[in-house]
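Step one of this worksheet: look at the structure below.
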Amino acid sequence: MTTRTTLKIGSQLALILGALAPLATSGFTGMPLTEHPTMLLLNVALWIIGLVLGYRAFVLTQDFPADHPVWLRVCRFVTTGSATLLMLGMTFGFTYHQSIGTSFFGTNFTTVLMITLVVMGVQIAPSDWKAVAKDARVVSLVVLIRWLIMPLTGYCVSFVVFHLFLEPGIANSLAIGMMLLCTSPPGAASNSLTLLSKGDLALSVSATTINVLVAPFLQPLLIRFFVGGTASVDTMGMFLDLAGFVLAPVVLASIFGALFPGFVLRIKPVLGPLAVVSLACVLMGTISKGAETILGNLNVLPYVLVACVIQGLAGLTLGYVVPKYLGFTREQRIASSFEVGVENAAIAPALAATYFNPLAIVPAIVYGKTQNILAVTIFVRKFQKQHDELEQDRAAAAENRNS
């Protein structure tokens, strides 16, 4: 067993034990932060140990120069290990939901979410807007595909999985959560996955930018259209909130980034970690608001998991297949796949906690994990394998021509 493997296993064990210890002590129902100070200390200590071991394992996989600053390595580790940190945030929010739910993070998670969107906006360079103008047709089609496929498939999946098998009240709440998820814009994760899969990164960034800008206008209308018959939808309130904590931060940060590109370049290494930490805090706050409801409806989790897996596979697959018939290149189809199937993990829970039954939070939280698992384990691997095979074919063809 290599040193890296040993460190990685030790890291995972410490993180899991740190999560299970307080949960088991509370009977898996959660507890206030002050109820068991020793258990809280053990929880935090084990997580710190787990993250330190994970960092050491990560460094062994990277070819860092000898003089590479430690703080830059830590920033890279935080960004690369975002899935782990987001899971820790959700676990902490669930375990201590009685305290977190009434704290700043439980009552002001939309404010914290703005940090994530500011980070995104400040990195939108003038060249990104030029890319939108240059490939206006392709960008427009990706955006159109995204806003057609996800809401329609989400509505169908909700009907089949929720409304046919669960009582109306619970089914309606879960369907609202699913539709909030399917009408949320994609986030930076879609760009990262496109990059890993050797897709068209410029198209991905351009489409994400446009999707974020149109979301405050489309999301409230689509929610009203699809679920307005089963729940009261405050369309104007949702629009104003989305304009305030999504549209304004992105636009203002984009303007700031265009005016001060040198400053943005200097702070760029910390932007990724800042976005990850703020998103973890948002998820911690939102899940703390819905923890009691989740505990009272554990029987619905299998249905939610099935719905999220079906929805994720549908979005990622259709996002890749449909553009094939519109003349997209393979790289453009990869970008479209992740732009359609990978959503912002924080906007839907924030809206669910603010406007609807807390049970509506559950699909958004579950999909946030299943989309990453499906995207990485199936689609990224498939696209990377295709890329490697194409490169081998090109190399073989070039060798044959030379001979």
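The values are calculated or read from the model by the stated rules, or taken from the named source; none is laboratory data. All values derive from a computational prediction rather than experimental measurement. Note that we place each Cβ from the backbone using ideal geometry, even for glycine, and neighbour counts take in every protein chain shown.
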Checked pairs for segment 195-216, first of a type in the set (Gly, Ala, Ser), second not in a helix (DSSP H, G or I), C-beta under 9 Å and 6 or more apart or across chains, list as 202/135; 204/186; 206/135; 207/186; 215/183; 215/184; 215/185; 215/344
Which one of the conditions (1) modelled with pLDDT under 95; (2) within 18 Å of residue 93 (Cβ to Cβ) does residue 46 fail to meet, given that it meets all the rest?
(1)
Give me the pairs: first residue in segment 26-52 and in contact (Cβ under 8 Å) with a residue 24 or more places away in the chain, second residue in a helix (DSSP H, G or I) and hydroxyl-bearing (Ser, Thr, Tyr), beta-carbon distance under 6 Å, and six or more apart or on different chains, which are they?
30/95; 32/99; 33/99; 50/11
Got at least one residue in segment 314-334 being more than 16 Å from the chain's Cα centre (by Cα), not in a helix (DSSP H, G or I) and not aromatic (Phe, Trp, Tyr)?
yes
Within segment 1-14, of all residues that are out of contact with any Ser or Thr (no Cβ under 7 Å at 6 or more places or on another chain) and surrounded by 14 or more Cβ atoms within 10 Å (Cβ to Cβ), the one farthest from residue 292 (Cα to Cα) is 7
Scope segment 20-59; condition of a type in the set (D, E, K, R) and in a helix (DSSP H, G or I); matching residues
56
Quick one: is residue 229 out of contact with any Asp or Glu (no Cβ under 6 Å at 6 or more places or on another chain) and not in a helix (DSSP H, G or I)?
yes
Given the criterion under 13 Å from the mean Cα position of the chain (by Cα) and over 30 Å from residue 227 (Cα atoms), identify the matching residue among 380, 376, 366.
376
Quick one: would you say residue 178 is farther than 11 Å from residue 340 by Cα, in contact (Cβ under 8 Å) with a residue 12 or more places away in the chain and among the aliphatic types (A, V, I, L, M)?
yes
Exclusive hit being under 16 Å from residue 347 (Cβ atoms), part of a helix (DSSP H, G or I) and β-branched (Val, Ile, Thr), set 293, 286:
286
Could you please find all residues in segment 185-200 being in a helix (DSSP H, G or I), touching a helix residue (DSSP H, G or I) at 6+ places or on another chain (Cβ under 8 Å) and either among the hydroxyl-bearing types (Ser, Thr, Tyr) or more than 14 Å from residue 383 (Cα to Cα) (or both)?
188, 189, 190, 191, 194
Looking at segment 346-378 only, could you name the residues that are buried (at least 21 other Cβ atoms within 10 Å of the Cβ) and among the aromatic types (Phe, Trp, Tyr)?
356, 367
